[in-house]
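Asks: Pasting a structure below so you can have a look.
Just so it is clear, none of the values below were taken in a lab; they were calculated from the coordinates. Bear in mind the structure is a predicted one, so any value in this text is a computation, not a measurement. Glycine also receives a Cβ, built like all others from the backbone with ideal geometry; neighbour counts cover every protein chain displayed.
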Amino acid sequence: MATHRSCALWSYCGRRWSRMMRCCRLSGLCSSWPSDPLGARHLSQEKPATETHFGFETVSEEEKRGKVYHVFESVAKKYDVMNDMMSLGIHRIWKDLLLYKMRPFPGTQLLDVAGGTGDIAFRFLNYVQAQHKGKQRRQLRAQQNLSWEEIAKKYQNEEDPLGGSRVVVCDINKEMLKIGKQKARAQGYKAGLAWVLGDAEELPFDDDKFDVYTIAFGIRNVTHIDQALQEAHRVLKPGGRFLCLEFSQVNNPLISRLYDLYSFQVIPVLGEVIAGDWKSYQYLVESIRQFPSQEEFREMIEDAGFEKVTYESLTSGIVAIHSGFKL
């Protein structure tokens, strides 16, 4: 019995050590994992100059921040067009599936990080508005004795078509936010929408503020993924949900080979032809290969304090939706 317990203990310690070392490699930190959800702030104040990756290139952490900022500053105007071209429009389906998985209800407070051009925010507003209208219609049908005039007045007196829902789009890049605001004005989005310039690693929001946190195709560009996850946990209310849509590892060998060929031989060319920027799209392709696998990222989310962590691979693992709860 003692031998059995000793083996179990060593096995447990081995798993924890392996997980901790992986986190150190990904974040560029060589210290133990901070247990405090506010640890991101402490670490950012006293971190030594360390190296990390920018695609396949090894750079300093400070250099990576500048390079990533320049990439999205450069591609902002053509970002949405390139998303359609690179994914053949499939990114729209992936984002729709993220909303269906979220299933927000009227009154939901959403924080969308790295959401500069507004794709997730606009889908959220459309979804909750449709939900609110459906609820209103059901309530009116239940009141059989209302006259046409009374029904009309109820619709006319509706003050908030979103039922109290709000979305804050937070992005570190001014150009991406600028494009998002232009799209919002052009498409008529006004109510329930705010734009904030902010860093995913040090969010400018109070603790326990949001019901849902989303980040779509953004977390792999963060210098310290662990700190971004801790910040997500901090700003969510108890019971709040973390949702991340990100490129992942393809689980079919044949599709993987075809995907690599398309990624490295076609996407940078599209970037040059459409956006006039080969290097930025070469980086985006390389950054996908540097991102942790589905299982590794699931463990990182758990280490940040989230529970009931799951993921769903889409399109043979080209992307995955990760989910976790602050309980």
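Asks: What are the ³J(HN,Hα) couplings of the range 75-92, residue after residue, when phi is run through the Karplus curve with 6.51, -1.76, 1.60 and θ = phi - 60°? Round to Hz, x for glycine and proline.
Replies: 9, 3, 5, 10, 4, 5, 4, 5, 4, 5, 5, 5, 9, 6, x, 5, 4, 5
Asks: Return the sequence-ordered ³J(HN,Hα) values of the range 252-261 in whole Hz as given by the Karplus equation 6.51 cos²θ - 1.76 cosθ + 1.60 applied to θ = phi - 60°, using x for Gly and Pro.
Replies: For the range 252-261, the Karplus curve yields 10, x, 5, 5, 4, 5, 5, 5, 5, 4 Hz.
Asks: Hey, another quick one. Which cross-chain or sequence-distant (5 or more) residues have an amide H under 5 Å from the amide H of GLN249, H modelled 1.01 Å from N in plane?
Replies: Under 5 Å from the amide H of GLN249 lie the amide H atoms of GLN294, each far enough along the sequence or on another chain.
Asks: Any idea what Rg and Dmax come out to for the range 220-261 if you just take the C-alpha atoms, in Å?
Replies: 15.4, 44
Asks: Something else: Among residues other than ARG92 whose Cβ falls under 12 Å from its Cβ, what is the net charge (Lys/Arg +1, Asp/Glu -1)? Please list the in-between numbers first.
Replies: Details: positive: LYS95, ARG123; negative: ASP80, ASP84, ASP96, ASP119.
My count for the surroundings of ARG92 gives -2.
Asks: Let me ask another. If amide hydrogens are placed 1.01 Å from N in the peptide plane, which non-local residues have theirs closer than 5 Å to the one on PHE210?
Replies: LEU236, LYS237
Asks: Please list, in chain and number order, the residues 5+ apart from PHE54 or on another chain whose amide H is under 5 Å from its amide H, with Hs placed from the backbone.
Replies: So PHE54 has HN proximity to VAL59.
Asks: Among the listed pairs LYS67/LYS181; LYS279/LYS308; LYS77/LYS135; LYS67/LYS183, give every one whose C-alpha distance is greater than 27 Å. Show your work: numbers first, answer last.
Replies: Numbers: LYS67/LYS181 24 Å; LYS279/LYS308 39 Å; LYS77/LYS135 38 Å; LYS67/LYS183 25 Å.
Over 27 Å apart, Cα to Cα: LYS279/LYS308; LYS77/LYS135.
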